[in-house]
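Peer 1: So that we are looking at the same thing, I have put the structure below in structure tokens.
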Amino acid sequence: MGDEPCDVVDLGAGTGKLTRVLVALGHRVTAVEPLDEMRAQLQAAVPGVHVVSGSAEEIPLPDGSADVVTCAQSFHWFEHDVALPELARVLRPGGRLALVWNVRDDRDPWTARLSAIIGNETVRDWEDFPAVLEAGLFDPVENSRSERADPLRPVERIESH
């Protein structure tokens, strides 16, 4: 699974934010999404990608069909006792499970204020991935953190007269 394209299952793909990146990297992607509205947006955003209706608890793919299963911002929605064996089922031997979260950096005062208003999921909620560790289906389990700047700028208030 070095630089070669992989068979990737993007689980809980939503509108396809991660799907777009995976396709752009040259991977063969199957996006799995339970909601009709999200699948429609995903197909419009990533034309030609293979999109199927399904869930983490019932992945409509054959055993051992994926090199990688990705879950971006979706893992906390899954029924872990059912989903984790299902994820392991679709992975080939030596396959990888990638759980991804994006979080805002609340060290910046403006961003902290935004989080106070709209809420913020924090990485520490999933830092140890207890459900994955307890399942005993994935070994070794690694936790990696990276930073990416995607600046948010405050919009000046416009008042009508």
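Peer 1: Just one of (i) 45, 21, 15; (ii) 30, 20, 15; (iii) 32, 15, 13 is semi-axes √(5λ) of the Cα gyration tensor in Å as worked out from the coordinates here. Which one is it?
Peer 2: (ii)
Peer 1: A further question follows. Which of the peptides 81-92, 103-114, 65-76, 44-55 is most tightly packed, and how do the rest follow, going by the mean number of other Cβ atoms within 10 Å of each residue? Mind showing how you got there, number by number?
Peer 2: Values: 81-92: 17.6, 103-114: 12.8, 65-76: 21.0, 44-55: 15.1.
Descending mean neighbour count gives 65-76, 81-92, 44-55, 103-114.
Peer 1: Return the whole-Å distance between the Cα centroid of segment 51-81 and the Cα centroid of segment 1-29.
Peer 2: What the calculation gives is 13 Å, centre to centre.
FYI, it's all coordinate maths here, none of it is from the lab. If you're wondering where the values come from, they're calculated on a predicted model, not measured in any experiment. So basically every Cβ, Gly included, is an ideal-geometry build from the backbone, and we count neighbours across all protein chains shown.
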